[in-house]
Amino acid sequence: MSKSLGIFDQEKYKEITLNNRRGTKAGHLSPATTDGIANHAEAVISFFHVPSESDVFFKAFITTFQESYASDWNSETVFGRTDPIYTFKNTQRRITLAWKIPADSIGDAYGNLAKVQSLAQFLYPNYTGVGSTNTLSQSPVVRLKVMNLVEKSGPAQGDAIGNPTPGKTIMNNYTSTNDPSKGLLGVITSLNINHNLENKDIGVIQIKSNTILPKMIEVSIDFAVIHETTLGWNDNDMSTFKDPQFPYNARRESEDLGIPGLDYNSYDEKIEARKRKEAARAEAAQDRANAEARGYDGMFGEMRRKRDQKRLDKLNDKVAAGEDLKPRQQANYEYLSSVQAGDTGDTRANVKNSEAQDAGTRLAIEEMWEQQYAEMEEYYS
């Protein structure tokens, strides 16, 4: 688990005091509750300026988050063809992000203004001084991180053949880091800042003559993603994406169709394998339901199990000998086979805990079961 960076502190620039003449420190009465949420739950937006390795964080009061994937195709019209010939060029990913930056105190308002100032500076390049002139040395590339939704793809994680990781385990291990250097590489193509000076419902804080601090700053950006790896599907293994963690690092459960290492010649074969697996799952579920309904974990369940096993053994002997079963025998054979397949160790463990309160009652019930099973054996034999 990643540790909190403790980056939000409303009293960094000015202590919060109660509204009295003595200026008593607010202490636990401080309204800075969002600091704790952002620091510990790490619900933050971060920017990492690659040339300077500087970073800036904002609380994730997100109002707009939208991704777009635009595929660029070259279209060539050919005489006599109904449709043009399309040639793929590339796919571009862009992100539109907007968030609010509220201030709970004077110090918080000043800190917000300073952070927005840092973000604005991230849009400018690096220069190298050559004599009396400055030469552009590095473009203002940044890394944007919005929790787990916008971050750099992690390393691919595979499964051993025939031993896929369960989906619940994959989800339990799904997490993100608060490290801004793990953000998505790209460029900010536009930055819009609204200080809400005209909004009478929000207002500003005048701290000195000719000096104000916005109570609410609204920021929006357009972000063009720079892919750091080649994205696409492998020719050798057409079911494998080159960067399987792209774009959310949300790993999918590997599909285990019960035949490890099998190369499917067609998609139809894969569909048929899925159908077989689903049929097997449904059959196993029915077997468990039949075993549960048989009541092996109830009173005299062990005796009932032994009797059923004897009946099934007799029917198995007839089948092995090549005898044709009567319709009732066939139905009974299929049912008991299903019960046996669904009978697990859990039901057997519960049998020993089932006891009659009265020994005489237990004996009477046992004799009743003996008679009933004798009649059933005669009927099905």
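The values are calculated or read from the model by the stated rules, or taken from the named source; none is laboratory data. Since we're looking at a predicted model, the values are computed, not measured. Backbone-built Cβ (ideal geometry, glycine too); neighbour counts: all protein chains shown.
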Original post:
So which residues in segment 285-314 are within 16 Å of E334 (Cβ to Cβ) and touching a residue at least 40 places away in the same chain (Cβ under 8 Å)?
Top reply: Q286, D287, R288, A289, N290, A291, R294, R311, K314
**OP:** Test each condition in (1) surrounded by 11 or more Cβ atoms within 10 Å (Cβ to Cβ); (2) touching a strand residue (DSSP E or B) at 6+ places or on another chain (Cβ under 7 Å) for D104 and report the one that comes out false.
**Re:** (2)
Original post:
Does N134 qualify as being closer than 30 Å to D201 by Cα, assigned by TED's automatic domain parsing to the domain that holds G203 and either more than 25 Å from the chain's Cα centre (by Cα) or modelled with pLDDT under 95 (or both)?
Top reply: no
Original post:
Regarding T175, is this residue under 28 Å from the mean Cα position of the chain (by Cα), among the hydroxyl-bearing types (S, T, Y) and farther than 26 Å from V50 by Cβ?
Top reply: no
Original post:
Out of (1) without any contact (Cβ under 8 Å) to a residue 40 or more places away in the chain; (2) within 21 Å of D104 (Cα to Cα), the odd one out for I207 is which?
Top reply: (1)
**OP:** Give just the number: which of (1) modelled with pLDDT of 80 or more; (2) part of a helix (DSSP H, G or I); (3) loosely packed, with under 12 Cβ neighbours inside 10 Å does S338 not satisfy?
**Re:** (3)
**OP:** Could you figure out which of (1) in contact (Cβ under 8 Å) with a residue 60 or more places away in the chain; (2) farther than 30 Å from Q117 by Cβ isn't true of D222?
**Re:** (2)
**OP:** Please specify each residue of segment 206-218 satisfying the condition of being more than 16 Å from K115 (Cβ to Cβ) and either in contact with a strand residue (DSSP E or B) (Cβ under 7 Å, 6 or more places away or on another chain) or polar (S, T, N, Q) (or both).
**Re:** Q206, I207, S209, N210, T211, I212
Original post:
What single numbered condition from (1) closer than 20 Å to V141 by Cβ; (2) at pLDDT below 90 fails to hold for D108?
Top reply: (1)
Original post:
Before we move on, is R276 within 30 Å of N236 (Cβ to Cβ) and exposed (fewer than 14 other Cβ atoms within 10 Å of the Cβ)?
Top reply: yes
**OP:** Out of K182, K145, report the one residue that is of a type in the set (D, E, K, R), under 21 Å from the mean Cα position of the chain (by Cα) and at pLDDT 95 or above.
**Re:** K145
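Can you pull out the residues in segment 114-147 that are hydrophobic (A, V, I, L, M, F, W, C), surrounded by 16 or more Cβ atoms within 10 Å (Cβ to Cβ) and under 20 Å from S190 (Cα atoms)?
V116, L119, F122, V141, V142, L144, V146
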